[in-house]
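Visitor: Structure in structure tokens, see below.
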Amino acid sequence: MSESFKQAFDQEGYAVARGVFGLDEVERLREHYMALRKRRYSDDVVGVRAGDRDPLRRYPRMAQMHRWDEDSLRWLLDPRLRGLLVDLLGAEPFAVQTMLYFKPPGSRGQALHQDNFYLRAEPGTCVAAWMALERADVGNGCMLVVPGSHRWPILCTAKADTKTSFTDVTVPLPVGPDAVPVEMEPGDVLFFNGSLVHGSAPNTTDDRFRRALIGHYIEGDARTVASYYHPALRMDGSPLQLDVSEGGGPCGEWTEQGTIALTGEQLVTRSHE
Ligand SMILES: O=C(O)CCC(=O)C(=O)O
């Protein structure tokens, strides 16, 4: 690992490791998840609605696949990810989540947020490893991050615009730093701190998915995490007993496309499933 990689992570709250996984591995994973998405499984977070107008209902994200899918578990605990995480954190991480975002053409993004709002890892925070399964750029809604925001506390949330976000909460940005795009090639992995403000804009292309495989980890000295993330796993796959933090839950609750009215107080018209 280069000095500048760790330096960027410490200073900005995020860093991209280029070409961690080979193109052949990435292509196989992409096909694997496209096939998995066609299958029904019991704890699907949102569920597929074939033929729906909303592309995200045709290809909703998947979560916690490592609990029943060997390939997801192998990726989450991959020694390459472990090595980079140990270098960044200076300690063994514990693995708590997998997610797969399909983000087909025309789909909404995810409003700016901080992951530890949901994971509640304490003491310390969580860390994400976000791997591009194809080129991710401004056109298809790559990740947006606010450099340096990992030093902020976990902020109070506000209503998000559900025309552009599939989740309905966001964090209002103080005047100053803007979110910047992080463009990535397949097999690149973006590591980011659990307090870093991040999200993504809609996929405005007609013909390009923006698939990403995501692992969430907590720092080795964490003693509690929200109940949704139990059991935490050591990087050798053995389960670990941690306490349950109060609150938290899955990273952003699914919200149907709605409209936002900004008269006086923010009012969001939406319907939950
Ligand atoms: O991939 C995205 O669009 C957002 C992902 C995200 O917010 C996360 O991994 O925490």
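The values are calculated or read from the model by the stated rules, or taken from the named source; none is laboratory data. Remember, predicted model here, so these are calculated numbers, not experimental data. Positions of Cβ are backbone-derived with ideal geometry, glycine not excepted, and every protein chain shown enters the neighbour counts.
Visitor: Right, THR157: away from the ligand (no atom under 13 Å from the Cβ) and touching a His at 6+ places or on another chain (Cβ under 8 Å) or not?
Guide: On the way: away from the ligand (no atom under 13 Å from the Cβ): yes; touching a His at 6+ places or on another chain (Cβ under 8 Å): yes.
Yes: the conditions hold for THR157.
Visitor: Please enumerate the residues belonging to the range 102-122 that are part of a strand (DSSP E or B) and within 16 Å of SER165 (Cβ to Cβ). Break it down stepwise before answering.
Guide: Step one: of the range 102-122, the residues part of a strand (DSSP E or B) are 109-113, 122.
Across the range 102-122, the qualifying residues are GLY109, GLN110, ALA111, LEU112, HIS113.
Visitor: Filter the range 103-122 down to residues that are under 18 Å from PRO231 (Cα atoms) and more than 9 Å from the ligand (Cβ to nearest atom) and give me whichever is surrounded by the fewest Cβ atoms within 10 Å (Cβ to Cβ).
Guide: Looking at the filtered set, the residue picked out is GLU122.
Visitor: Exactly one condition in (1) in contact with a Lys or Arg (Cβ under 9 Å, 6 or more places away or on another chain); (2) of a type outside the set (A, V, I, L, M, F, W, C); (3) within 19 Å of GLU185 (Cα to Cα) is not met by SER245; state its number.
Guide: The single condition SER245 does not satisfy is (3).
Visitor: A further question follows. Of all residues in the range 125-175, which are touching a helix residue (DSSP H, G or I) at 6+ places or on another chain (Cβ under 9 Å), part of a loop (DSSP other than H, G, I, E, B) and of a type in the set (Gly, Ala, Ser)?
Guide: Answer for the range 125-175, where residues must be touching a helix residue (DSSP H, G or I) at 6+ places or on another chain (Cβ under 9 Å), part of a loop (DSSP other than H, G, I, E, B) and of a type in the set (Gly, Ala, Ser): just GLY148.
Visitor: Which residue, of ALA128, ALA158, is crowded, with 16+ Cβ neighbours inside 10 Å and in contact (Cβ under 8 Å) with a residue 60 or more places away in the chain?
Guide: ALA128
Visitor: While we're looking at this one, here's another question. Working carefully through the options VAL16, VAL20, VAL45, find the one that is touching a strand residue (DSSP E or B) at 6+ places or on another chain (Cβ under 6 Å), closer than 22 Å to CYS126 by Cβ, modelled with pLDDT under 95 and not polar (S, T, N, Q). So that I can check it myself, show each step before the final result.
Guide: Working: VAL16 fails: modelled with pLDDT under 95; VAL20 fails: modelled with pLDDT under 95.
After applying the criteria, what remains is VAL45.
Visitor: Residue by residue through the range 161-170, note down the ones that are free of Cβ contacts under 8 Å to residues at least 60 places away in the same chain and in contact with a Ser or Thr (Cβ under 7 Å, 6 or more places away or on another chain).
Guide: Within the range 161-170, the subset free of Cβ contacts under 8 Å to residues at least 60 places away in the same chain is 164, 170.
Matches in the range 161-170: THR170 only.
Visitor: Given the conditions (1) at pLDDT 95 or above; (2) surrounded by fewer than 23 Cβ atoms within 10 Å (Cβ to Cβ); (3) within 16 Å of the chain's Cα centre (by Cα), which single one is not true for LEU100?
Guide: If we test LEU100 against (1) at pLDDT 95 or above; (2) surrounded by fewer than 23 Cβ atoms within 10 Å (Cβ to Cβ); (3) within 16 Å of the chain's Cα centre (by Cα), just (2) comes out false.
Visitor: So, one more: Starting from the range 177-197, keep only residues that are of a type in the set (D, E, K, R), then list their pairs with residues that are surrounded by 15 or more Cβ atoms within 10 Å (Cβ to Cβ) and not in a loop (DSSP other than H, G, I, E, B) whose Cβ atoms are within a distance under 8 Å, requiring at least 6 positions of separation or different chains.
Guide: Final answer for the pair search is GLU183/ALA136; GLU185/ALA132; ASP188/VAL16; ASP188/ALA17; ASP188/MET131; ASP188/ALA132.
Visitor: Moving on. Filtering the range 178-212 down to residues that are within 10 Å of the ligand (Cβ to nearest atom) and part of a strand (DSSP E or B), which residue is surrounded by the most Cβ atoms within 10 Å (Cβ to Cβ)?
Guide: SER200
Visitor: Hey, another quick one. Given the condition within 12 Å of the ligand (Cβ to nearest atom), at pLDDT 95 or above and of a type in the set (A, V, I, L, M, F, W, C), answer yes or no: does some residue in the range 214-233 qualify?
Guide: Yes: one or more hits.
Visitor: So, one more: Could you run through the range 15-58 and say how many residues are among the hydroxyl-bearing types (Ser, Thr, Tyr), under 20 Å from ASN140 (Cβ atoms) and out of contact with any Leu (no Cβ under 6 Å at 6 or more places or on another chain)?
Guide: Within the range 15-58, the first condition is being among the hydroxyl-bearing types (Ser, Thr, Tyr), and the residues that meet it are 33, 41-42.
Filter again for under 20 Å from ASN140 (Cβ atoms), leaving 33.
In the following step, the residues that additionally are out of contact with any Leu (no Cβ under 6 Å at 6 or more places or on another chain) were identified as none.
Number of matching residues: 0.
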